[in-house]
1. Kindly indicate whether residue 189 is more than 22 Å from residue 44 (Cα to Cα) and surrounded by 15 or more Cβ atoms within 10 Å (Cβ to Cβ).
2. Residues of region 256-297 being assigned to a loop (DSSP other than H, G, I, E, B) and either without any contact (Cβ under 8 Å) to a residue 24 or more places away in the chain or surrounded by fewer than 13 Cβ atoms within 10 Å (Cβ to Cβ) (or both), which ones?
3. Are any residues in region 112-127 modelled with pLDDT under 95 and surrounded by fewer than 18 Cβ atoms within 10 Å (Cβ to Cβ), and if so, which ones?
4. How about region 158-196: which of its residues are touching a residue at least 60 places away in the same chain (Cβ under 8 Å) and out of contact with any helix residue (DSSP H, G or I) (no Cβ under 7 Å at 6 or more places or on another chain)?
5. Would you check if there is a residue in region 200-214 being surrounded by fewer than 18 Cβ atoms within 10 Å (Cβ to Cβ) and part of a loop (DSSP other than H, G, I, E, B)?
6. Could you tell me whether any residue of region 229-244 is under 22 Å from residue 17 (Cα atoms) and either over 26 Å from the mean Cα position of the chain (by Cα) or surrounded by 14 or more Cβ atoms within 10 Å (Cβ to Cβ) (or both)?
7. Within region 40-51, identify whether any single residue is at negative phi and loosely packed, with under 14 Cβ neighbours inside 10 Å, and answer yes or no.
């Protein structure tokens, strides 16, 4: 009971906080999520830990996650992530010896599905900013079919989920999360031999993902197409329209990116948040993968801004009065929210 209250409290906090990160959050296909029963969400992975935050925060089910094991290295972080249903999955790059730890993780996944709960998995095997669906690993099929082999009466729904960012690591962003149609894993498992079942499930998930997020085929034309889309400043979160542009080669001509008339407000926010900004700039020196920029920026800014605004409001309250301090705190929060929701968004360069 305590764990559920903790999970739901953090989920609510994150849901509110994400609206200060994203100008617009578009959720589609949530009606496809079964209210009960075992579900595995297969999600593309462009933006590190921001991806599971968006998928689970705007998902009515309580979810369990498989995320890369190196995130769990520090004991306090490991304890915190575990309390929110996150579990480590080991990859070859973590060391051959570490792969045996996945057996225990898979056993936990089997039990989660047996209990009619949900799992969120990133079947591409790693994160990538490329706007393309990479070949899927068979790890998620091992979990699905392993659970069905262990518990023959179990029904498992596999739901592909596409997440698309307008401009990862550029504030403010726009995000689209699309839940796909249910894939009956048991029907596939019982219809053919295991080797073919694995291929069939991967194909069905991949096919849906290519429609649920912007997909540029990873060939010699990839860079050219992406450059044209960026130059046209298309709205990538309008996934169907952009995919049609790619398929039909009807990408618009280049156009000037919108001018940010609210830039003075941005600098005012920056000045008011100088200590969180300095903390963030110091943190950027330790970021080794671009996909983690948003994750660290979001987490550091949410926590540090709340702390320093509260501290500064307290000082103002002591020096002047309580109402003035409270007014400062609320205005600081409002300025960020206003800029996030009204500033123009651009595509990535």
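1. Details: more than 22 Å from residue 44 (Cα to Cα): yes; surrounded by 15 or more Cβ atoms within 10 Å (Cβ to Cβ): yes.
Taking the combined requirement at face value, the residue satisfies it.
2. Pass one, region 256-297, residues assigned to a loop (DSSP other than H, G, I, E, B): 256-262, 273, 287-289.
Scanning region 256-297 gives 256, 258, 259, 261, 287, 288, 289.
3. The one that is modelled with pLDDT under 95 and surrounded by fewer than 18 Cβ atoms within 10 Å (Cβ to Cβ): 126.
4. Here is the first cut: in region 158-196, the ones touching a residue at least 60 places away in the same chain (Cβ under 8 Å) are 158-182, 185.
Once the filter is applied, which keeps residues that are touching a residue at least 60 places away in the same chain (Cβ under 8 Å) and out of contact with any helix residue (DSSP H, G or I) (no Cβ under 7 Å at 6 or more places or on another chain), region 158-196 yields 165, 166, 167, 170, 171, 173, 174.
5. No, region 200-214 contains no residue that is surrounded by fewer than 18 Cβ atoms within 10 Å (Cβ to Cβ) and part of a loop (DSSP other than H, G, I, E, B).
6. Within region 229-244, the subset under 22 Å from residue 17 (Cα atoms) is 237.
Checking the rest, the ones that are also either over 26 Å from the mean Cα position of the chain (by Cα) or surrounded by 14 or more Cβ atoms within 10 Å (Cβ to Cβ) (or both) come to 237.
Yes; the residues of region 229-244 include at least one that is under 22 Å from residue 17 (Cα atoms) and either over 26 Å from the mean Cα position of the chain (by Cα) or surrounded by 14 or more Cβ atoms within 10 Å (Cβ to Cβ) (or both).
7. The answer is no, given that none of the residues of region 40-51 is at negative phi and loosely packed, with under 14 Cβ neighbours inside 10 Å.
Condition check ((1) more than 22 Å from residue 33 (Cα to Cα); (2) in contact with a strand residue (DSSP E or B) (Cβ under 7 Å, 6 or more places away or on another chain)) across all residues:
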residue	(1), (2)
126	yes, no
129	yes, no
144	no, yes
150	yes, no
155	no, yes
160	no, yes
164	no, yes
172	yes, yes
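The values are calculated or read from the model by the stated rules, or taken from the named source; none is laboratory data. Bear in mind the structure is a predicted one, so any value in this text is a computation, not a measurement. Note: ideal-geometry Cβ built from the backbone for every residue, glycine included; neighbour counts use all protein chains shown.
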